[in-house]
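Take a look at the structure set out below.
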Amino acid sequence: MFTPYREVLSRPGALAFSSAGVIARLPISMVGIGIVLMVSSLYGSYGLAGRVSALYVVTQAVASPQLARLVDRHGQARVMRPAIAVSALGLLGLVVSALVHAPSLALYVAAGVTGATIGSFGALVRARWSHLLDDARDVHTAYSLESALDELVFIIGPVLATYLATGVRPVAGLVVPIVAMIGGGYWFLAQHRTQPPTRALAHGSRPGSVLRSPGMAVVVLVFVGMGSIFGATDVSTVAFAEEQGSKSSAGMILAVFAFGSMISGLGYGLRHWLSPLWKRFALGIVLLAVGVSLFFLVASLPALAAVMFVTGFSIAPTIINGNGLVQYFVGAERLTEGLTWIGTALGLGVSVGSSIAGNLIDARGSHGGFLVVVASAVFAVLATLVSLRTLRAGTAELRTHDLDRRGTVDEAVPTGDAATA
């Protein structure tokens, strides 16, 4: 049943860099919540904890595409080795500052340094897959595998961070990310054989942002809306669980959400889809929006968990398709930068959605937060539907530099209207 995954992982070096990539991106799911738990416990202020965490998220969102641009030009190891060192020192500085109860400015500086240099290992892993694999079907399988592993990271990470911060010491939730960042990151970068080559910019292309591509801009905008759905859902679920008298259940319910996504991601990668990629992406956004809109109607924790589990099935395939679209809209010499923008857009959306939902929850309870979930879903759907022509045009034909990517674009997938899944 899982033969496609065994085949791609049997490629020389594939299992090693994919495994290292899982460890290296564990901090992404732990640092944000770890900051909140540590600062709120040691400083007694959720407001300060939220601001420090938000600064970390914003700096990561702003800096990660710039790091990715340098990676595309100079190589993964050359750029990310010093970046990991700085990021680990920043996170260590944040832990030490909190332990000695340093002024809040020290927390802000350390969080900013960490966010600005942590990068996006998910994009680095996917760039290696695109370099290693010749067949578009294999790339689809590999991307599906990585999306499932992303969900696994987001199932384990927050639960582990919460247990360490509440059951061991407040700073313990950030110690594991430091170890994972250094151990997994340097293990990943030590694997030179699978590192994508650096490439000069394609002839006639400009060194400006990949967002100059209309299709890329659309995908990023939609993913901001998706991120807002996730951010508002996280906060609203915690509030709803507290209203139901079981706040501790929130983590498990959110894990169910991610578990549904992980299952669908693995299943999605087992099949070669014939329908146009842009259509599958749009359908996924609509299905996600319909599912999350039902959160507003649930009246019990078991019902919320059930709806979340089913709705989660639309997440991973949509993210997989979004990453696939990136390969159409940017050249091979800008692929890491393009893939990084997906994570950046999600991070920005999470920050916005959780902030707005938090304010409405204070005023109207958990249903106020779920209203933000619905509004974010409507935004994502509208942004997708009004841009269908742009998405279709951007995937209609392979450009010259796409042919140089050895088939990494979903070239085996027809883009005509007659194709069906």
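Observations on the structure shown:
- Residue among ALA106, ALA136, ALA111 that is among the hydrophobic types (A, V, I, L, M, F, W, C) and out of contact with any helix residue (DSSP H, G or I) (no Cβ under 8 Å at 6 or more places or on another chain): ALA136
- Top-ranked residue in the range 157-185 [being open to solvent by 80 Å² or more (accessible area, probe 1.4 Å) and closer than 16 Å to PRO27 by Cα; ranked as modelled with the lowest pLDDT]: TYR163
- The helices (runs of 4 or more DSSP H) found wholly in the range 50-147 and carrying at least 3 residues that are in contact with a Pro (Cβ under 8 Å, 6 or more places away or on another chain) and either of a type outside the set (Lys, Arg) or closer than 19 Å to SER351 by Cβ (or both) occupy 76-99, 121-132.
- Selection status of PHE230, within 17 Å of the chain's Cα centre (by Cα) and either closer than 23 Å to VAL350 by Cβ or in a helix (DSSP H, G or I) (or both): yes
- The lone exception for THR233 - which of (1) surrounded by fewer than 20 Cβ atoms within 10 Å (Cβ to Cβ); (2) in contact with a helix residue (DSSP H, G or I) (Cβ under 8 Å, 6 or more places away or on another chain); (3) within 21 Å of VAL31 (Cβ to Cβ); (4) modelled with pLDDT of 80 or more it fails: (1)
- Enumeration of residues in the range 31-61 that are under 18 Å from the mean Cα position of the chain (by Cα) and closer than 14 Å to GLY112 by Cα: VAL31, GLY32, SER53, ALA54, LEU55, TYR56, VAL57, VAL58, THR59, GLN60, ALA61
- Scanning the range 338-350 for residues that are open to solvent by less than 10 Å² (accessible area, probe 1.4 Å) and at pLDDT below 80 gives a single hit, LEU339.
- Every listed requirement among (1) at pLDDT 80 or above; (2) surrounded by fewer than 24 Cβ atoms within 10 Å (Cβ to Cβ); (3) more than 21 Å from ALA61 (Cβ to Cβ) is met by GLU333 save one, (1).
- Given (1) surrounded by fewer than 21 Cβ atoms within 10 Å (Cβ to Cβ); (2) at pLDDT 80 or above; (3) under 20 Å from the mean Cα position of the chain (by Cα); (4) among the small types (Gly, Ala, Ser), index of the condition GLY245 fails: (3)
- Pairs are defined by a Cβ separation below 7 Å, a sequence spacing of at least 6 or placement on different chains, a first member in the range 107-136 that is within 30 Å of LEU42 (Cα to Cα), and a second member that is open to solvent by 10 Å² or more (accessible area, probe 1.4 Å) and hydroxyl-bearing (Ser, Thr, Tyr); the pairs so defined are LEU107/SER97; ALA110/SER97; GLY112/THR59; GLY115/THR59; ALA116/THR59.
- Some residue of the range 313-324 being open to solvent by 40 Å² or more (accessible area, probe 1.4 Å) and touching a residue at least 12 places away in the same chain (Cβ under 8 Å): yes
- Evaluated against (1) within 24 Å of ASP72 (Cα to Cα); (2) open to solvent by less than 40 Å² (accessible area, probe 1.4 Å), ARG212 falls short on exactly one condition, (2).
- Of all residues in the range 98-119, those satisfying the criterion of being open to solvent by 30 Å² or more (accessible area, probe 1.4 Å) and of a type in the set (Gly, Ala, Ser) are SER104, ALA106, ALA116.
- So ASP72, is it open to solvent by 40 Å² or more (accessible area, probe 1.4 Å) and modelled with pLDDT under 90: no
- Scope the range 263-305; condition open to solvent by 50 Å² or more (accessible area, probe 1.4 Å), more than 16 Å from ALA316 (Cα to Cα) and not in a helix (DSSP H, G or I); matching residues: LEU274, ALA299
- Sub-8 Å Cβ pairs linking a first residue in the range 251-264 that is within 16 Å of LEU288 (Cβ to Cβ) to a second residue that is charged (D, E, K, R) and open to solvent by 40 Å² or more (accessible area, probe 1.4 Å), at least 6 apart or interchain, are LEU254/ASP234, ordered by first then second residue.
- Remark: SER18 matches the filter, which requires a residue to be farther than 17 Å from VAL352 by Cα, of a type in the set (Gly, Ala, Ser), in contact with a helix residue (DSSP H, G or I) (Cβ under 7 Å, 6 or more places away or on another chain) and in a helix (DSSP H, G or I).
The values are calculated or read from the model by the stated rules, or taken from the named source; none is laboratory data. Please read all numbers here as calculations on a predicted model, not as lab measurements. Positions of Cβ are generated from backbone atoms using ideal geometry, with glycine treated the same way; all protein chains shown enter the neighbour counts. Surface areas here come from the heavy atoms of the whole protein model, side chains and all, with no ligands, DNA or RNA. Shrake-Rupley method; radii C 1.70, N 1.55, O 1.52, S 1.80 Å.
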